[in-house]
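The values are calculated or read from the model by the stated rules, or taken from the named source; none is laboratory data. Quick caveat: nothing in here was measured; it's all calculated off a predicted structure. All Cβ positions, even for glycine, are placed from backbone atoms using ideal geometry, and neighbour counts span all protein chains on display.
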Amino acid sequence: MTTEEYIASGVLESYVMGELSDKEMQKVQCMALVHDDVRAELQKIELTFEQMSLETSETPSKGLKEKIWSEIEVSKPDPSPSAIISMNDGKREESTNRFSFSRAASVAAIIGLGVLSYSLYQQNVEMDERISSIQSEFEGNVAELESERSRLSHLQNDISVFKDPMFTEVKMMGTDNAPKSFAKVYWNASQQEVFLSIGMMTDLPEGKVYQLWALDGGVPVDAGTFLPQENLIKMKSIASSQAFAVTIEDEGGAESPALETLQVIGEISV
């Protein structure tokens with residue numbers, strides 16, 4: 001049904017006369033809120049109804065319905081929009097409108113809160129991810145910094161050994177078993193300290209280690225096992241030695257060297 005047909009049906013006059021049920025009256029109110037032409041027509045009918053009421057000074061009967069309809073064409077509507085108020089049921093309509101608007105406002109508020117909550121949830125998730133990423137990055141930087149600090153500390157210790165005149169440098173050159181290998185021993189006889197610096201030594205298969213020997217009067221003395229690394233390696237204390245050598249032994253070391261695996265050897269210069 002078009003708005004023109006709805007207006008022509010006479011339901012607006014029945015609304016003003018108070019002849020409709022509550023449900024029908026609510027429908028008229030909704031139509032008036034949605035359609036400007038329905039609202040304007042309803043205002044025109046109400047204005048005509050009010051004028052006739054003032055003229056007769058009594059409540060019009062239902063028989064005046066046709067007369068109101070004939071008067072509509074010549075009456076002038078209020079140019080400014082006004083609230084839709086029935087003469088007979090003004091309080092009921094006002095209550096209904098208030099309820100409708102309150103319910104609409106409540107629904108809008110709930111939807112708004114839902115959208116806001118979801119938006120805040122998304123922001124919280126993104127913030128947590130960002131914090132986690134920053135934390136991981138920070139922890140990575142801390143670990144890298146600690147690694148660099150440790151490397152610098154080792155380097156400083158190495159330099160202090162290199163510069164200490166109490167340490168004797170012993171160069172160990174490669175044998176026929178490992179002609180390209182070489183290493184150095186720094187030995188402080190008075191303190192019995194031994195440090196090993198690896199120049200070039202190949203990686204060993206699993207279960208094998210290098211073992212340093214101090215040769216004292218031709219007798220090999222265990223100075224400890226090791227694997228290749230770039231920093232100085234602190235070995236076992238040695239009180240007396242005329243040479244140092246390195247062999248390959250089983251993991252855990254040996255009591256006597258396997259001379260057939262001799263890698264490097266060097267005598268102490270007097």
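Of all residues in the range 234-251, which are surrounded by fewer than 18 Cβ atoms within 10 Å (Cβ to Cβ) and under 21 Å from Asn177 (Cβ atoms)? Before the answer, list the steps.
Taking the range 234-251 and keeping what is surrounded by fewer than 18 Cβ atoms within 10 Å (Cβ to Cβ), we get 234, 236-237, 239-240, 242-243, 250-251.
Once the filter is applied, which keeps residues that are surrounded by fewer than 18 Cβ atoms within 10 Å (Cβ to Cβ) and under 21 Å from Asn177 (Cβ atoms), the range 234-251 yields Ala243, Asp250, Glu251.
Just wondering, is there one or more residues in the range 172-190 that are in contact (Cβ under 8 Å) with a residue 12 or more places away in the chain, exposed (fewer than 10 other Cβ atoms within 10 Å of the Cβ) and of a type in the set (Gly, Ala, Ser)?
So far as the range 172-190 goes, yes, one or more of its residues are in contact (Cβ under 8 Å) with a residue 12 or more places away in the chain, exposed (fewer than 10 other Cβ atoms within 10 Å of the Cβ) and of a type in the set (Gly, Ala, Ser).
Do we find a residue being in contact with a strand residue (DSSP E or B) (Cβ under 8 Å, 6 or more places away or on another chain), small (Gly, Ala, Ser), free of Cβ contacts under 8 Å to residues at least 60 places away in the same chain and not in a loop (DSSP other than H, G, I, E, B) anywhere in the range 217-229?
Taking the range 217-229 as the starting set, the residues that turn out to be in contact with a strand residue (DSSP E or B) (Cβ under 8 Å, 6 or more places away or on another chain) are 220-229.
When the remaining residues are screened for being small (Gly, Ala, Ser), the result is 223-224.
Going one step further and asking which of them are free of Cβ contacts under 8 Å to residues at least 60 places away in the same chain, we end up with 223-224.
Next, only the ones that are not in a loop (DSSP other than H, G, I, E, B) stay: 223-224.
Yes; the residues of the range 217-229 include at least one that is in contact with a strand residue (DSSP E or B) (Cβ under 8 Å, 6 or more places away or on another chain), small (Gly, Ala, Ser), free of Cβ contacts under 8 Å to residues at least 60 places away in the same chain and not in a loop (DSSP other than H, G, I, E, B).
Can you name every residue in the range 194-204 that is assigned to a strand (DSSP E or B) and buried (at least 18 other Cβ atoms within 10 Å of the Cβ)? Even if it seems obvious, please write down each step before you answer.
Here is the first cut: in the range 194-204, the residues assigned to a strand (DSSP E or B) are 194-200.
Residues satisfying the conditions are Val194, Phe195, Leu196, Ser197, Ile198.
What pairs can you find where one residue is in the range 242-255 and farther than 17 Å from Gly207 by Cβ, the other is in a loop (DSSP other than H, G, I, E, B), and their Cβ atoms are less than 7 Å apart, with a gap of 6+ or different chains?
Qualifying pairs under 7 Å: Gln242/Ile268; Ala243/Ile268; Ala245/Leu262; Val246/Gln263.
When you check Val125 against the structure, is it within 28 Å of Glu267 (Cβ to Cβ) and either touching a residue at least 40 places away in the same chain (Cβ under 8 Å) or not assigned by TED's automatic domain parsing to the domain that holds Pro228 (or both), yes or no? Spell out the reasoning first.
Values: within 28 Å of Glu267 (Cβ to Cβ): no; either touching a residue at least 40 places away in the same chain (Cβ under 8 Å) or not assigned by TED's automatic domain parsing to the domain that holds Pro228 (or both): yes.
No, not satisfied.
If we scan the range 144-163, do we find a residue that is under 30 Å from Ala239 (Cβ atoms), part of a helix (DSSP H, G or I) and small (Gly, Ala, Ser)?
Just the residues of the range 144-163 that are under 30 Å from Ala239 (Cβ atoms), to begin with: 153-163.
Adding the requirement that they be part of a helix (DSSP H, G or I) leaves 153-163.
Filter once more, so that each one left must be small (Gly, Ala, Ser): 153, 160.
Checked the range 144-163: at least one residue is under 30 Å from Ala239 (Cβ atoms), part of a helix (DSSP H, G or I) and small (Gly, Ala, Ser).
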